[in-house]
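The values are calculated or read from the model by the stated rules, or taken from the named source; none is laboratory data. Note that this is a predicted model, so its numbers are computed, not measured. Cβ placement follows ideal geometry from the backbone for every residue including glycine, while neighbour counts extend to all protein chains displayed.
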């Protein structure tokens, strides 16, 4: 899968977003659409059993919180989290992310 194309921002109700979710599902990747800030959403999605989690919310204030929650629920999972700017990358790593990507840098 070409990760550079994920650098664009799609509203969750857009045809492009639905297309890429379908593409991930075709690759047997679980896609969960819900408010990940709510503790029950990742639990209902089965977060305790996953080997990897990608947190791609377009919010540098929410991503560390979601990362901490994901790490507390799934200690062994590899967590990859999005940062909108370089200055937030260290905070997100410190919150439990194994890797942090910045789409603006990835697309360049």
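Here are a few things to note about the model shown:
- If you filter the stretch 83-100 down to residues that are touching a strand residue (DSSP E or B) at 6+ places or on another chain (Cβ under 6 Å) and not in a loop (DSSP other than H, G, I, E, B), you find that the one that is surrounded by the most Cβ atoms within 10 Å (Cβ to Cβ) is 92.
- Cβ-Cβ under 7 Å pairs, at least 6 apart or on other chains, the stretch 88-101 side at negative phi and in contact (Cβ under 8 Å) with a residue 40 or more places away in the chain, far side in a helix (DSSP H, G or I) and crowded, with 20+ Cβ neighbours inside 10 Å: 97/67
- Condition check for residue 21: surrounded by 13 or more Cβ atoms within 10 Å (Cβ to Cβ) and modelled with pLDDT under 70: yes
- Checking residue 79 against (1) modelled with pLDDT of 90 or more; (2) assigned to a loop (DSSP other than H, G, I, E, B), the condition it does not meet: (2)
- Pick from the stretch 57-69, criterion within 10 Å of the chain's Cα centre (by Cα) and buried (at least 16 other Cβ atoms within 10 Å of the Cβ), ranking: nearest to residue 44 (Cα to Cα): 66
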